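Here's the structure, in structure tokens; my notes come after.
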Amino acid sequence: MTDTLRTGLFAGLVVALIVGTGVLDNWNLALIIVNYGLISAIMALGVNLQWGLAGLFNVGVMGFVALGGLAAVLISMPPVPEAWAAGGGQVLGALAIGAAVIAGLIAVYKRTAGRVRVIAMVVLGIVGFFLFRSVFDAGVQAIEAVNPASTGFLGGLNFGGDSGRDWPIMAVIAWPVGGMLAAGAAWIIGKTALGLRSDYLAIATLGIAEIIIAILKNENWMSRGVMNVIGLPRPVPYETDLQADPDFVATVTDLGLDPTLASTLWVKLLYSGLFAAFLIVLLILAQRALHSPWGRMMRAIRDNEVAARAMGKNVTARHLQVFIIGSAICGLAGAMMTTLDGQLTPAAYQPLRFTFLVWVMVIVGGSGNNFGSVLGGMLIWWLWVAVGEYGPDLMIWATAWMSDDSAFKANLVNSAPQMRFLVMGTVLLLILRFSPRGILPEK
């Protein structure tokens, strides 16, 4: 079987599953699967660049996705003027002090040596820390005291109005900004962790991802912490606005559709178009990179670092480069997901969904194959949703022979949505046993 035919069959299977969901169940669910599947495919593409192209074992995907979600808040939400007046200047001043202290420590380290270096860095660090905290803590307390039930944070940069609807483009601008924020974090992480062996790198990235989530949960002044930010502006019309539009209502009524259902489907289709456009651009760029001299160099480094170093290649720099690129793509996907959800919920960033599931997508689709990772993302997300959606019905059918009063039957039915974990593990084992290179192996 040729690679083109295999790819076509794989894509046809994914399309058939989604279309079948729409025809046999409902199109609303099918479009939900499409939207989250496209975002998952983008995440899988980022991980595939890191692992499939460079062999970097990054299990901190959750942290970079969360940073993308944070960017969606910082860019697309309207500012809170009262919070800025209460303590915004103090927080910015404290951050400037912190940056100045770090720059001073770097300068001292470079220009001094021996005991003088140690004493100067300790003194500067202690003085800088207490100065930073004295200014920062006062500003944070003032910000979080401003109507904490609904705000209590600084807001974002969308000056288009209280609802943000005047500047819907800010929601789209937040997506690449999320990628840049994740790229900046990846540079800091990479400079310190990429020298580690693959297993230690995995532990380090997972730990750093948990640190990022902990910061999001506790720094209320930045994104309301566990109180969550809701009502994020969106780049597509609101369903209520469409339902109030006479032209839209007349058009869908002529087509024999219910305006409420039609507005929901139309909004999801618009999201699908935006996500698909970003995915197509990223896939084209990834394919060009894969078949470029840079891509061949990265695969050479992945296969034999010693030989690559002997040929004069800067392995650490190239690893840092691809680590930043892959993390930026994950951050972009995280910003998209937060915009689609309409809220930032730090507690929802679980390693199982944002790390393990993405890795399953890459492995099942085909590590090192960009098309395989994208289609694997769509397939696994469909399977994840389908098992959770139809698992209870399947369990009711399977236990129909049991008594309705059986506690065991009730427990099986109630636990049916958790079958998705068993299914994911089974699929992963089957792929590793019968097609260890994935459905679409690397060419």
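The values are calculated or read from the model by the stated rules, or taken from the named source; none is laboratory data. Not measured: the values here are computed from a predicted model. Every residue, glycine as well, gets a Cβ built from its backbone with ideal geometry; the counts of neighbours run over all protein chains shown. Quick note on the areas: whole protein, heavy atoms, side chains included, nothing else; ligands and nucleic acids left out. Shrake-Rupley method; radii C 1.70, N 1.55, O 1.52, S 1.80 Å.
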Projected onto the charge dipole of region 130-205 (unit charges on the beta-carbon of Lys, Arg, Asp and Glu, signs +1, +1, -1, -1), the Cα from PRO148, LEU201, LEU131 with the largest positive-side position is that of LEU201
The simple spin-label model distance between ASP137 and ALA289, using points 7 Å out along Cα→Cβ, in nm, is 4.3 nm
Karplus ³J(HN,Hα) for region 241-248 (6.51 cos²θ - 1.76 cosθ + 1.60, θ = phi - 60°; Hz, whole; x = Gly/Pro) runs 5, 5, 5, 8, 8, x, 5, 5
Once phi for every residue in region 275-287 is put through the Karplus expression 6.51 cos²θ - 1.76 cosθ + 1.60 (θ = phi - 60°), the whole-Hz ³J(HN,Hα) values, with Gly and Pro written as x, are 5, 5, 4, 5, 5, 5, 4, 5, 5, 4, 5, 5, 5
So LYS110 and PHE434, fully extended at 0.36 nm per residue minus their Cα-Cα distance, gain in nm 111.2 nm
Protection proxy (average C-beta count within 10 Å per residue), highest first, orders 320-329, 179-188, 283-292 as 320-329, 179-188, 283-292
Scalar couplings 3J(HN,Hα) for region 205-216 by Karplus 6.51 cos²θ - 1.76 cosθ + 1.60 (θ = phi - 60°), nearest whole Hz, x for Gly and Pro, are 5, 5, x, 5, 4, 5, 5, 4, 5, 4, 5, 4
With label points set 7 Å from each Cα along the Cα-to-Cβ direction at LEU352 and GLN321, the distance between them in nm comes to 3.9 nm
Stretched fully, the stretch from ALA244 through VAL23 gains (0.36 nm per residue minus C-alpha distance, one decimal, in nm) 76.7 nm
Counting sequence-distant residues (5 or more places) and residues on other chains, those with an amide H built under 5 Å from that of VAL229 are LEU344
In whole angstrom, the spacing between the Cα centers of region 262-316 and region 113-150 equals 40 Å
Once amide hydrogens are built 1.01 Å from N within the peptide plane, the residues lying 5 or more places from VAL59 or on another chain with amide H under 5 Å from its amide H are THR205, LEU206
Taking a straight Cα-to-Cα line shorter than 26 Å from LYS443, and setting aside same-chain lysines fewer than 8 residues away, one finds LYS313
With label points set 7 Å from each Cα along the Cα-to-Cβ direction at ALA85 and LEU13, the distance between them in nm comes to 6.1 nm
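Let me know the shape class of region 1-131, please: from the alpha-carbon gyration tensor, a ≥ b ≥ c as square roots of the eigenvalues, rounded when a/c is under 1.5, otherwise prolate if a/b is greater than b/c, or oblate.
Oblate is the answer for region 1-131, as a/c is 1.5 or above yet b/c matches or exceeds a/b.
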Computed on Cα atoms only, the convex hull of region 387-443 has an orientation-averaged projected area in nm² of 4.9 nm²
Inter-part gap, Cα centre of region 371-429 to Cα centre of region 164-230, in whole angstrom, is 32 Å
Sorted by chain and number, the residues with a modelled amide H under 5 Å from that of GLY155, at a separation of 5 or more or across chains, are VAL80
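Per residue, how much accessible area does the chain have with a 1.4 Å probe, in Å²? Show your work: numbers first, answer last.
Numbers: 21310 Å² over 443 residues.
Averaged over the residues of the chain, the accessible area is 48 Å².
Sort 104-117, 87-100 by the packing proxy (mean of other Cβ within 10 Å over each peptide's residues), most packed first.
87-100, 104-117
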The aspartates and glutamates whose Cα lies under 13 Å from the Cα of LYS191, excluding any fewer than 8 residues away in the same chain, are none
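Using 1/(1 + (r/R0)^6) with R0 = 22 angstrom and r between the beta carbons of MET121 and LEU95, what's the FRET efficiency to the nearest 0.05?
Using R0 = 22 Å, I get an efficiency of 0.60.
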Restricting to Cα pairs under 8 Å and 6 or more apart, the percent relative contact order of region 178-250 works out to 12 percent
